[in-house]
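Engineer: Submitted below is the structure of interest, expressed as structure tokens.
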Amino acid sequence: MIARDPWAMPVHAPFHPELPATYRDVRIAQLTFHADPSAVARFLPDGFQAHPDGACVALGIEVPFCTAYGPFLAESAAEWTTQP
């Protein structure tokens with residue numbers, strides 16, 4: 001099957017419902033901070049390293065209403081770097 005307008009992958013069995021979706025009363029909190037790289041390193045999987053300056057971001061989202069997925073909560077934490 002070849003899709004003319006693929007909107008998600010894999011095209012033949014997309015994980016996400018087709019858009020558009022309606023979201024209501026969404027709340028997002030994003031926090032940027034610096035942490036001791038040795039403390040961050042304890043939480044990283046094998047093969048990953050904390051950046052020397054310890055720049056991090058934490059994100060939380062609360063979605064009480066969504067026509068595509070229903071209500072959900074999500075969170076993420078990451079360290080980021082900038083490329084020269």
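The values are calculated or read from the model by the stated rules, or taken from the named source; none is laboratory data. Bear in mind that the values here come from a model prediction, so they are computed numbers and not experimental data. We place every Cβ from the backbone using ideal geometry, glycine too, and count neighbours over all the protein chains shown.
Engineer: Report every pair of residues separated by at least 6 positions or lying on different chains whose Cβ atoms are under 9 Å apart, first residue within the range 53-80 and without any contact (Cβ under 8 Å) to a residue 24 or more places away in the chain and hydroxyl-bearing (Ser, Thr, Tyr), second in a strand (DSSP E or B) and surrounded by 12 or more Cβ atoms within 10 Å (Cβ to Cβ).
Structural biologist: Pairs that qualify, where the first residue is without any contact (Cβ under 8 Å) to a residue 24 or more places away in the chain and hydroxyl-bearing (Ser, Thr, Tyr) and the partner is in a strand (DSSP E or B) and surrounded by 12 or more Cβ atoms within 10 Å (Cβ to Cβ), are SER76/VAL57; SER76/ALA58; SER76/LEU59; SER76/GLY60; SER76/ILE61.
Engineer: If we keep just the residues of the range 26-84 that are touching a Phe, Trp or Tyr at 6+ places or on another chain (Cβ under 7 Å) and at pLDDT below 90, which is nearest to PRO14 (Cα to Cα)?
Structural biologist: VAL57
Engineer: So, in the range 26-38, how many residues would count as being within 30 Å of ALA50 (Cβ to Cβ) and part of a loop (DSSP other than H, G, I, E, B)?
Structural biologist: Number satisfying all stated conditions: 2.
Engineer: All but one of (1) more than 22 Å from LEU19 (Cα to Cα); (2) not in a loop (DSSP other than H, G, I, E, B) hold for GLU62; which doesn't?
Structural biologist: (1)
Engineer: Pick from the range 2-25 the residues that are among the small types (Gly, Ala, Ser) and either part of a strand (DSSP E or B) or modelled with pLDDT under 80 (or both): which of them is nearest to ALA77 (Cα to Cα)?
Structural biologist: ALA8
Engineer: List every residue pair whose Cβ atoms sit under 9 Å apart, with the two residues 6 or more apart in sequence or on different chains, where the first one lies in the range 1-29 and is surrounded by 10 or more Cβ atoms within 10 Å (Cβ to Cβ) and of a type in the set (Val, Ile, Thr) and the second, anywhere, is part of a loop (DSSP other than H, G, I, E, B) and modelled with pLDDT under 75.
Structural biologist: Cβ pairs passing all conditions: VAL11/MET1; VAL11/ILE2; VAL11/ALA3.
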